[in-house]
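The values are calculated or read from the model by the stated rules, or taken from the named source; none is laboratory data. Since the model is a prediction, treat every value here as computed from it, not as a measurement. Positions of Cβ are generated from backbone atoms using ideal geometry, with glycine treated the same way; all protein chains shown enter the neighbour counts.
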Amino acid sequence: MRDEFLEKLRKELEEKEKVRENLIVKSRELRLSSSKAIANIHAGRYDEAEEYLKRVESMIGEVLKYRKTHPDIFYLANDALQEFVEAHLFNHIIRKGKVPDSLPVDVPQAVLPGMADCIGELRRYALTEMVKGGDFEKIEKILELMERIYHLLIEFDFHDRLTGNLRPKLDAARNIIERTKSDLIAARIFWKLSKEEGG
C-alpha cells in the first residue's frame, strides 16, 4: 500500500477532527446560553433572557452550516440546537402568549424533541404561578398551549432516529399535562379557601 494513500486519509481525518472539536465548542456555548435564557425567563428577567437568545441566534448560522459541509458529524450539535428550540419556544409563549408560526432551526432531530421538552418548562412556569396565587386565566392559557404543542407533535409518527427520540418525550409530556391540570384544580381550591378564611 502506498504511503500517499494513507497520508491522504490521515489528512482527511485531521481536518475532520478539527471540525469536530470546533462544532463541540460552538454547541457547548449554544447550549449554555440557551439554558441561561430559560433560567432567566423563570426568574422573570426577560431582558436578560432576550440577550442570551440573541447571542445564540448569532451563532446558529455558523452551527447549521456543518449540516451541509459535514453531515456525518452534525449530529453532535443536535442536543444544543434542541435546547435552543426549547428556549426560543418557551420565551415566545411566555412573552407573546402563543406558539410561533416557525422556528429559527429546521432540523427535525432538534425541533421535535425541543418542542416536547418545552412542555416541561411550561409546567414549571405554571406551578410557580399557582404557588403565588397568580393569574389563573394565564395558567389556563399556558395549559392550552401545552396541549397544542402536544397535538402538533403526535402527528410525527416516525422512527425515533428520525425524530430525535420523540416518542418517549411525548409519553412524558402527556403525563406532565395531566398532572398540571390536577395541580391547577387543587391550586384553585386552595386559593379560594384561603380567601374565604381570610374574610
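Note on the range 83-111: residues that are closer than 22 Å to residue 160 by Cα, charged (D, E, K, R) and outside any helix (DSSP H, G or I) total 1. Filtering the range 27-60 to residues that are free of Cβ contacts under 8 Å to residues at least 24 places away in the same chain and of a type in the set (D, E, K, R) leaves 36, 45, 47, 48, 51, 54, 55. Within the span defined as the range 174-185, one or more residues are within 16 Å of the chain's Cα centre (by Cα) and assigned to a helix (DSSP H, G or I).
One line per residue, one yes/no per condition, for (1) surrounded by 14 or more Cβ atoms within 10 Å (Cβ to Cβ); (2) modelled with pLDDT of 95 or more:
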| residue | (1), (2) |
| --- | --- |
| 28 | no, yes |
| 35 | yes, yes |
| 48 | yes, yes |
| 53 | yes, yes |
| 59 | yes, no |
| 66 | yes, no |
| 73 | yes, no |
| 104 | yes, no |
| 111 | yes, yes |
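Restricting the first member to the range 106-122 and to residues that are free of Cβ contacts under 8 Å to residues at least 60 places away in the same chain and in the same structural domain as residue 179 (by TED's automatic domain parsing), and the second to residues that are of a type in the set (Val, Ile, Thr) and part of a loop (DSSP other than H, G, I, E, B), the beta-carbon pairs closer than 9 Å and six or more apart or on different chains are 111/105; 114/105; 115/99. Tell me, yes or no, whether the range 127-138 has at least one residue that is under 20 Å from the mean Cα position of the chain (by Cα) and farther than 30 Å from residue 75 by Cβ. The answer is yes, given that some residue of the range 127-138 is under 20 Å from the mean Cα position of the chain (by Cα) and farther than 30 Å from residue 75 by Cβ.
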